[in-house]
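Derivation of every value follows stated rules applied to the coordinates shown; laboratory data play no part. All values reported here derive from a predicted model rather than from experimental measurement.
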């Protein structure tokens, strides 16, 4: 998809003869309606809206009308993160002088 297509410009296809004369011009309807564009833009804005570390939009979380509208669910355990955190803790103790800021620790499930 191009920006021109998104802005509604129709695609044109021109057919020439061997001498370079125009034989035909075909114009396609725009792929996206104004409603399609509005939906896409609204979706993008929602994705980019700031959220708290709880995952809820800050505009909703900070609204005084929602003061008692939220409840906390029981915690769940992220076993992959637990294994990674344990590894990092052990690694730091064994290698205290290593710069961990650029180190990527990958986690995979055992087969």
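Some points to look at:
- Maximal additional length on extending the residue 88-residue 14 stretch stands at 20.5 nm, based on 0.36 nm per residue less the C-alpha distance.
- Shape category assigned to the chain from the gyration tensor of Cα positions, a/c cut at 1.5: oblate
- The gain in end-to-end length when the residue 36 to residue 104 segment is fully stretched comes to 20.5 nm, 0.36 nm per residue minus the alpha carbon separation.
- Distance from the stretch 25-44 to the stretch 47-111 (C-alpha centre basis), Å: 37 Å
- Residue-averaged 222 nm ellipticity for the chain, from DSSP H runs of 4+ at -39500 (n - 2.57), nearest 500: -10000 deg cm²/dmol
- C-alpha long axis of helix 79-94 to longest principal axis of the chain, angle in °: 60 degrees
- The alpha-carbon positions of the stretch 1-61 define a convex hull whose volume is 90 Å³ per residue.
- Candidates 65, 80, 42, ranked by Gaussian network fluctuation over the chain, Cα under 10 Å, top entry: 80
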